Amino acid sequence: RPCQCLRELNTSSVYLIDCFPVAVGDNIRIPCCHLLQGKAHRGKCGSKRRYFYGFRVQVITTSDGVPVQFYIHAGSFADVTAFKAMEVDLPPDSQLYADAAYTCYEVEDLLRECEQVELRCCRKANGKRKDEPYMAFLKDYYRKRIETTFSGITAFFPKKIHAVTAEGFILKLILFIFAYTLTQVID
């Protein structure tokens, strides 16, 4: 298992998680899409302020931006909902930095108690658990790296990903992530 080796080589035990959308087609062409069916794949990308029709890819990376785990799900699911379904396989005593979309105090407590993984989410202004200023700085510092990883992964994407089935589309996504991981490990 190559991802297990990458986790073992990460001596800092600092990991990052976030997700990015992958559109199957244009939003206006949803009725003509034969690859996917249903409203489950219609999601909203808040940073781009637009809707998309396709998948979301949740990626856990090292602090250097090397992907060690990913989870592909329908576009309509929120980040924290998909995170609950994702099997997180990180070493004990590691820290997982996430943005405010992953705020769920029950999940934080369960990860800490059962997996010995510290989930460190950026806090919302009206959150119940406030951060010290140094912790807010650390969270912002680590969070910026994962966006660079996403731009590196999507740089491998062609202008249009051609697939005949949804499984073929997902297979191509997996191969793009694997290719990016190889380039990061070799460099």
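The values are calculated or read from the model by the stated rules, or taken from the named source; none is laboratory data. Note that this is a predicted model, so its numbers are computed, not measured. For neighbour counting, all protein chains shown are included, and Cβ atoms are generated from backbone atoms with ideal geometry for every residue, glycine included. All accessible areas refer to the heavy atoms of the entire protein, side chains included, with ligands and DNA or RNA removed. Shrake-Rupley method; radii C 1.70, N 1.55, O 1.52, S 1.80 Å.
Among the residues of the stretch 128-144, which ones are without any contact (Cβ under 8 Å) to a residue 40 or more places away in the chain and either open to solvent by 60 Å² or more (accessible area, probe 1.4 Å) or among the charged types (D, E, K, R) (or both)?
Within the stretch 128-144, LYS128, ARG129, LYS130, ASP131, GLU132, PRO133, TYR134, PHE137, ASP140, TYR141, LYS144 qualify.
Go through the residues of the stretch 166-184 one by one and say whether even a single one is over 23 Å from PHE55 (Cβ atoms), of a type in the set (Gly, Ala, Ser) and either assigned to a helix (DSSP H, G or I) or at pLDDT 85 or above (or both).
no
Exactly one condition in (1) modelled with pLDDT of 90 or more; (2) open to solvent by 90 Å² or more (accessible area, probe 1.4 Å); (3) not polar (S, T, N, Q) is not met by ALA125; state its number.
(1)
Could you grab me the full set of residues in the stretch 65-81 that are open to solvent by 20 Å² or more (accessible area, probe 1.4 Å), hydrophobic (A, V, I, L, M, F, W, C) and farther than 20 Å from GLY152 by Cβ?
Once the filter is applied, which keeps residues that are open to solvent by 20 Å² or more (accessible area, probe 1.4 Å), hydrophobic (A, V, I, L, M, F, W, C) and farther than 20 Å from GLY152 by Cβ, the stretch 65-81 yields PHE77, ALA78, VAL80.
I need the full set of residues from the stretch 65-99 which are within 13 Å of the chain's Cα centre (by Cα) and farther than 20 Å from PHE55 by Cβ, in order please.
Correct list: GLY65, VAL66, LEU96, TYR97.
Here is a yes/no grid of residues against (1) within 30 Å of LEU96 (Cα to Cα); (2) open to solvent by 30 Å² or more (accessible area, probe 1.4 Å); (3) among the aromatic types (Phe, Trp, Tyr); (4) modelled with pLDDT of 65 or more:
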| site | (1), (2), (3), (4) |
| --- | --- |
| ARG1 | yes, yes, no, no |
| GLN4 | yes, yes, no, no |
| GLU8 | yes, yes, no, no |
| PHE20 | yes, no, yes, yes |
| ASP26 | no, yes, no, yes |
| LEU35 | no, yes, no, yes |
| ALA40 | yes, yes, no, yes |
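Which of the numbered conditions does ILE186 fail, given that it passes all the others? Conditions: (1) surrounded by fewer than 12 Cβ atoms within 10 Å (Cβ to Cβ); (2) under 20 Å from the mean Cα position of the chain (by Cα); (3) farther than 15 Å from PHE20 by Cβ.
All conditions pass for ILE186, except number (2).
Can you tell me which residue within the stretch 145-175, out of those that are within 18 Å of GLN58 (Cβ to Cβ) and of a type outside the set (A, V, I, L, M, F, W, C), is most open to solvent (accessible area, probe 1.4 Å)?
GLU147
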